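Novice: The structure's right below; bear with me while I get my questions together.
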Amino acid sequence: MLALFARDLKLAFRSGGGFGLALAFFLIVVMFVPFGVGSDLNLLARIAPGILWIGALLACLLSLDRIFQLDFEDGTLDVLATSPLPLTGITIAKAAAHWVTTGLPLTIAAVPLGYLLNLPEPAYLWLCASLAIGTPALSFIGAFGAAITVGIKRGGLLLSLLVLPLYIPTLIFGAITVTKAVDGIDPMPTLVLLAGLTLFSVVLMPFASALALKANLT
Amino acid sequence: MSFWEYANPVKFMRLTGRLLPFLSVLTGICLVTGIIWGFFGTPDDYKQGSTVKIIFIHVPAATMAVSAWFMMLVTSLVWLIRRHHISALAAKAAAPIGMTLTLIALGTGAIWGKPMWGTYWAWDPRLTSFMILFVFYLGYIALWNAVEDSDTAADLTAILCMVGSVFAFLSRYAVNFWNQGLHQSASIAVNKEQHVDSAYIYPLFLCFAGFFLLFVTLVFIRTRTEIRLRRAAALQARNT
């Protein structure tokens with residue numbers, strides 16, 4: 001399982017695939033907001049929590065189809081499925097690798113981008129905390145969507161349609177946490193709910209993903 | 001005599017073929033009398049005027065839209081556990097009906113909302129969660145259409161329905177939270193059930209029965225169509 005995790009990390013770093021692209025996409029989304037709504041700093045400060053969370057979520061979505069697609073096409077996934085490692089373990093390793101290469105960099109990149117959007121001072125800590133806690137849920141739910149659509153040619157659009165509704169609770173709790181921090185209300189309760197959602201996804205989604213992979217491989 | 005006997009397509013077709021005429025007639029009677037009684041046989045509300053009568057379509061449609069998803073969840077579980085093809089086909093047949101009922105609920109709600117709330121749409125938790133339900137239906141139907149192999153499609157949509165149910169449920173309560181978290185608590189309460197007068201309740205029950213029967217009838221018809229499509233495909237495969 002660790003070997004698979006390390007392999008996926010290496011592939012992501014060396015092929016120059018999703019790693020930088022997701023960050024660049026996040027930057028562009030954030031950059032587009034002032035173009036769309038104007039550069040009024042007060043307005044930007046008010047919508048910054050939502051924009052940062054939506055931007056991170058979309059950037060995460062962009063790299064989801066890489067989790068299983070390439071391994072499915074060249075047959076690696078069939079080999080992995082016949083290995084002693086259960087499919088659940090494979091999805092855990094792959095979703096974790098996806099988080100390290102996408103969720104973690106997005107969390108760090110959110111700080112300078114938050115500054116660009118004039119995010120108020122006290123919210124930075126909570127922005128990082130909510131993204132660090134919330135993005136694993138995005139990766140594990142996303143891995144499920146990727147497992148469902150792995151056999152479909154040009155399934156990218158369908159993947160978004162399936163995964164985005166599942167992201168709604170995560171987005172709500174994540175964005176509320178940061179908004180509360182901006183408003184000076186204690187954001188701890190929503191952060192704890194977000195953490196609960198993440199634990200729920202991390203523990204249960206790999207089973208669903210493994211079921212979906214099994215249906216796709218036979 | 002076991003319930004599972006009707007997992008056999010031939011027996012299912014025979015039973016539903018016999019039931020359908022009665023069901024259709026009963027649906028017609030319930031819906032027509034319920035709606036006519038509701039629209040013309042009840043007094044206007046002192047505050048809402050005649051707009052209150054949209055309740056006879058709105059509330060049953062909304063209830064059945066949620067029930068349809070629940071029925072899909074049950075049939076999906078039956079497919080995953082017992083591998084009865086009819087079960088998977090019934091889930092497939094129910095999805096577009098559920099989606100239409102969701103749309104009807106949203107549409108009639110908007111028509112009622114304009115004169116009453118002064119707006120077609122508000123980001124009220126209940127409205128928002130119905131929009132979310134609609135998106136779940138869209139994804140489910142799109143997945144059925146995208147997968148070519150029918151058994152794989154049944155597997156994948158059943159899994160999606162299970163996971164989707166959990167997240168739709170989570171969204172329903174997360175949305176409540178979001179409304180309290182971002183706005184003042186809603187000034188409009190949609191607690192209609194407590195305020196329904198006895199003058200409205202009997203035609204409303206008739207409409208509930210009518211919509212329920214309509215759903216069952218349509219699911220039977222569509223499932224029969226799916227079974228016939230399978231048979232036609234099997235015949236075609238044999239001839240070539």
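The values are calculated or read from the model by the stated rules, or taken from the named source; none is laboratory data. Since this is a predicted model, take the numbers as computed values, not measurements. Here Cβ is always computed from backbone atoms with ideal geometry, including for glycine, and neighbour counts include all displayed protein chains.
Novice: Which ones in the range A:168-190 are out of contact with any Pro (no Cβ under 7 Å at 6 or more places or on another chain), over 20 Å from A:C60 (Cα atoms) and assigned to a helix (DSSP H, G or I)?
Specialist: If the condition is that a residue be out of contact with any Pro (no Cβ under 7 Å at 6 or more places or on another chain), over 20 Å from A:C60 (Cα atoms) and assigned to a helix (DSSP H, G or I), then A:D183, A:M188, A:P189, A:T190 are the ones that fit.
Novice: Output the residue which, of all residues in the range B:175-208 that are in contact with a helix residue (DSSP H, G or I) (Cβ under 7 Å, 6 or more places away or on another chain) and surrounded by fewer than 17 Cβ atoms within 10 Å (Cβ to Cβ), is modelled with the highest pLDDT.
Specialist: Taking the candidates together, the pick is B:N176.
Novice: Does A:L157 meet the test of being part of a helix (DSSP H, G or I), in contact with a Gly (Cβ under 6 Å, 6 or more places away or on another chain), within 12 Å of chain B (Cβ to nearest Cβ) and more than 21 Å from A:R46 (Cα to Cα)?
Specialist: So A:L157 fails the test.
Novice: Which condition breaks for A:Y124 when tested against (1) touching a helix residue (DSSP H, G or I) at 6+ places or on another chain (Cβ under 7 Å); (2) within 14 Å of chain B (Cβ to nearest Cβ); (3) without any contact (Cβ under 8 Å) to a residue 24 or more places away in the chain?
Specialist: (2)
Novice: Right, something else. Give the range B:137-163 a look and list any residue that's more than 7 Å from chain A (Cβ to nearest Cβ), within 17 Å of A:G155 (Cβ to Cβ), assigned to a helix (DSSP H, G or I) and not polar (S, T, N, Q), or say none.
Specialist: B:Y140, B:I141, B:W144, B:A153
Novice: Inspect the range A:42-50 for any residue being exposed (fewer than 15 other Cβ atoms within 10 Å of the Cβ) and more than 18 Å from A:V182 (Cα to Cα) and give the result as yes or no.
Specialist: No, the range A:42-50 contains no residue that is exposed (fewer than 15 other Cβ atoms within 10 Å of the Cβ) and more than 18 Å from A:V182 (Cα to Cα).
Novice: Okay, next question. Of A:I141, A:I90, which residue is β-branched (V, I, T), more than 14 Å from every other protein chain (Cβ to nearest Cβ) and touching a residue at least 12 places away in the same chain (Cβ under 8 Å)?
Specialist: Working: A:I141 fails: more than 14 Å from every other protein chain (Cβ to nearest Cβ).
Result of the check over A:I141, A:I90: A:I90.
Okay, residues lined up against (1) surrounded by 15 or more Cβ atoms within 10 Å (Cβ to Cβ); (2) of a type outside the set (S, T, Y); (3) in contact with a Pro (Cβ under 7 Å, 6 or more places away or on another chain):
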| position | (1), (2), (3) |
| --- | --- |
| A:L4 | yes, yes, no |
| A:K10 | no, yes, no |
| A:F13 | no, yes, no |
| A:G20 | no, yes, no |
| A:V29 | yes, yes, no |
| A:S39 | no, no, no |
| A:A56 | yes, yes, no |
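Novice: Return the only residue of B:I97, B:I54, B:I104, B:I81 being modelled with pLDDT of 90 or more, over 30 Å from B:R231 (Cβ atoms) and among the β-branched types (V, I, T).
Specialist: Checking each option against the conditions leaves just B:I104.
Novice: Could you please let me know if A:L217 is at pLDDT 90 or above and either out of contact with any Gly (no Cβ under 6 Å at 6 or more places or on another chain) or within 30 Å of B:L80 (Cα to Cα) (or both)? Spell out the reasoning first.
Specialist: Details: at pLDDT 90 or above: no; either out of contact with any Gly (no Cβ under 6 Å at 6 or more places or on another chain) or within 30 Å of B:L80 (Cα to Cα) (or both): yes.
Judged against the criteria, A:L217 is not a match.
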